[in-house]
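J.: I'd like to ask some things about the structure below.
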Amino acid sequence: MSKRRTRTVARPPKTRYFVVAAIAGAIAVPIVAAAPAEAKDRVVCTGFDFHCDKTGYGAVAEHSFWTMAGGHNCTNYVAYRLIRDGMPRRLQDMHNGTDWAHDARAHHYLVDKVPTAGSVAQWMSGSPNVSWAGHVAYVEAVGPDSITVTEDNYSSGPLRVRIITRNDPAWPSHFIHFGTPTGSAAPISSPVPGFPAFDWMNAWFPQLAKAPSAAPLAG
């Protein structure tokens, strides 16, 4: 041990040191430069009751809307929200969530890839984390690269609010604009008499709604 301490060790030439360093850096770069993280949806509120809905669905959830099964059910919840927005209380020939894009077209409503507040987000069977029956959700708000949706899940929930970014695998297959006939340029929204328009921003983010630059969103 002592001999090693007193022994003189020649330094390698500086050029060799830098060459090794350069090679080490070249090897390290691919390891450090990891692939971008996969985008994830963000759950704002979730629960197996109805507290995440601010429109009164919990009080009428056992009723069937548009012939859908009552209780915790994505299609029943969305039908309820659309009725609040002015859609007919009865609409026949609507089936599982995976069928809604087809069914809406059959009713001559606009189906596209463009989200708008008040539209329906629709997932086809086979979409990531979606069952064979497909799925639908109500679009509360649309941002530059994200949407906020409220959704229920059959048969016991959860009913939740979540934010989905555009590059997320969970992005919907289609957006359905009920109230907008095929060929129309802009969605039409007219609240049902007796149902006040849902102020989504004030319900979930009251401080943002009070800010001068923020405008309440009506569902």
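J.: What is the gain in length, in nm to one decimal, between Val43 and Ala69 on full extension, counting 0.36 nm per residue of separation less the C-alpha to C-alpha distance?
T.: 6.9 nm
J.: Let me ask something additional. Ranked from highest to lowest mean number of other Cβ atoms within 10 Å per residue, what is the order of the peptides 41-50, 70-79?
T.: Top of the packing list down: 70-79, 41-50.
J.: Separate question: Within a 10 angstrom radius of the beta carbon, how do Ser64, Ser146 rank from fewest other beta carbons to most?
T.: Ser64, Ser146
J.: For the residues Met94, Met124, what sequence is obtained by ranking on other C-beta atoms within 10 Å, fewest first?
T.: So the residues, fewest neighbours to most, are Met124, Met94.
J.: Count charges around Cys45 for me, please; just the other residues with Cβ under 15 Å from its Cβ, Lys/Arg as +1, Asp/Glu as -1.
T.: Every neighbour counted, the sum reads -2.
Bear in mind that the values in this text are calculations on the coordinates, not laboratory data. The structure displayed is predicted, hence computed values, not measured ones. No Cβ is skipped: glycine too gets one built from the backbone with ideal geometry, and neighbour counts run over all protein chains shown.
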